[in-house]
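Notes follow the structure.
Every number here is computed from the coordinates shown, using simple stated rules; none is lab data. Keep in mind the model is a prediction, meaning the values are calculated, not measured. Glycine also receives a Cβ, built like all others from the backbone with ideal geometry; neighbour counts cover every protein chain displayed.
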Amino acid sequence: QVQLVEAGGGLVQAGGSLGLSCAASGIIFSAVDIDWYRQAPGKQREFVARISIGGTTNYADSVKGRFTISRDNAKNTVYLQMNSLKPEDTAVYYCHVRYGTIDYWGQGTQVTVSS
């Protein structure tokens, strides 16, 4: 059974930092690309960042230079370090993997950035 469990959300002032983590189980973690997505109230879920099997990273333009995605295969965990946070970063953040032909999502963690 595949499980993704996010942690680390919270309330932070604009300009501050937060770190998220996503612990995976039930998959061969080192064999999958892993993404972070987010969904703000009233908006569609959007891509934030991806880290490939080999460690290549990609970011949405809106977070480039402020967010950093990383992975620790020994701990089956992916991280998202978020710096210089803005109110528009407020959203529920989800980690995602495609394992085989199935998409798996975590339950999400709320990030709220106050102005």
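Listed by chain and number, the lysines placed with their C-alpha closer than 27 angstrom to that of Lys86 are Lys43, Lys64; residues fewer than eight positions away on the same chain are left out. Sequence-distant contacts, meaning Cα pairs under 8 Å at least 6 residues apart, place the relative contact order of the chain at 36 percent.
Just how many % of Cα pairs in the chain lie over 24 Å apart, if you round to the nearest whole percent? Distances greater than 24 Å cover 19 percent of the Cα pairs.
Computed from label points 7 Å out along Cα-Cβ, the spacing between Ser25 and Ser84 is 3.8 nm.
Which one, Asp61, Asp103, Asp35, has the greatest fluctuation when you compute a Gaussian network model over the chain with C-alpha springs under 10 angstrom? Judging by the Gaussian network model, the answer is Asp103.
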